[in-house]
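Undergrad: My questions all concern the structure below.
The values are calculated or read from the model by the stated rules, or taken from the named source; none is laboratory data. Since the model is a prediction, treat every value here as computed from it, not as a measurement. A quick note on method: Cβ atoms are made from the backbone with ideal geometry, for glycine too, and the neighbour counts reach across all protein chains shown. In case anyone asks, the SASA skips ligands and DNA or RNA and just uses the protein heavy atoms, side chains included. Shrake-Rupley method; radii C 1.70, N 1.55, O 1.52, S 1.80 Å.
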Amino acid sequence: MSGRILRLALLGLSSILLGISSVQAAEFYRIPLPADAREQARLEQKLPAVLHYYSQLSAAELATFYQQQLGQPIQQKQHQQQLQLYFQRNSEQIRVVIAEQQGWRDVSLMVEKR
């Protein structure tokens, strides 16, 4: 009987963990995120702060989204399969890195003091 209880407990725990990993993020450091953002990692206790998520929007759509939210980037780089956008907001520098990952866009937001 204890094996059955253990299996049920593990099944419940895995369901909870799967639910947490697919929670959609809404905002990071006052930076809105796309509605389909699937958060994977968040480190925001101190600067530099980092948020990593996946989106099905195209790289161009994501770049436009961040330009609408943060204004014109102060710098833009294309490095191999990555698009890197740099924004300045007050005393913070915000870097957005967008890369292709198996049909999804892999997005990292980094906020640091300038």
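Undergrad: Please specify each residue of the stretch 55-68 satisfying the condition of being touching a Phe, Trp or Tyr at 6+ places or on another chain (Cβ under 9 Å) and surrounded by 16 or more Cβ atoms within 10 Å (Cβ to Cβ).
TA: Ser55, Leu57, Tyr66
Undergrad: When the residues of the stretch 73-106 are narrowed to those that are closer than 17 Å to Pro32 by Cβ and part of a loop (DSSP other than H, G, I, E, B), which ends up modelled with the highest pLDDT?
TA: Pro73
Undergrad: Taking the stretch 39-54 as the search range and keeping residues that are in contact (Cβ under 8 Å) with a residue 40 or more places away in the chain and more than 13 Å from the chain's Cα centre (by Cα), which one is most open to solvent (accessible area, probe 1.4 Å)?
TA: Pro48
Undergrad: Moving on to the next point. Which members of the stretch 59-82 meet the condition of being among the polar types (S, T, N, Q) and either under 12 Å from Val107 (Cβ atoms) or touching a Gly at 6+ places or on another chain (Cβ under 6 Å) (or both)?
TA: Gln82
Undergrad: Further, regarding this structure: What are the residue pairs meeting all of these: first residue in the stretch 72-95, first residue in contact (Cβ under 8 Å) with a residue 60 or more places away in the chain, second residue charged (D, E, K, R) and open to solvent by 20 Å² or more (accessible area, probe 1.4 Å), Cβ atoms under 9 Å, and 6 or more apart or on different chains?
TA: Going by the 9 Å Cβ cut-off, the qualifying pairs are Glu92/Glu112; Glu92/Lys113; Glu92/Arg114; Ile94/Glu112.
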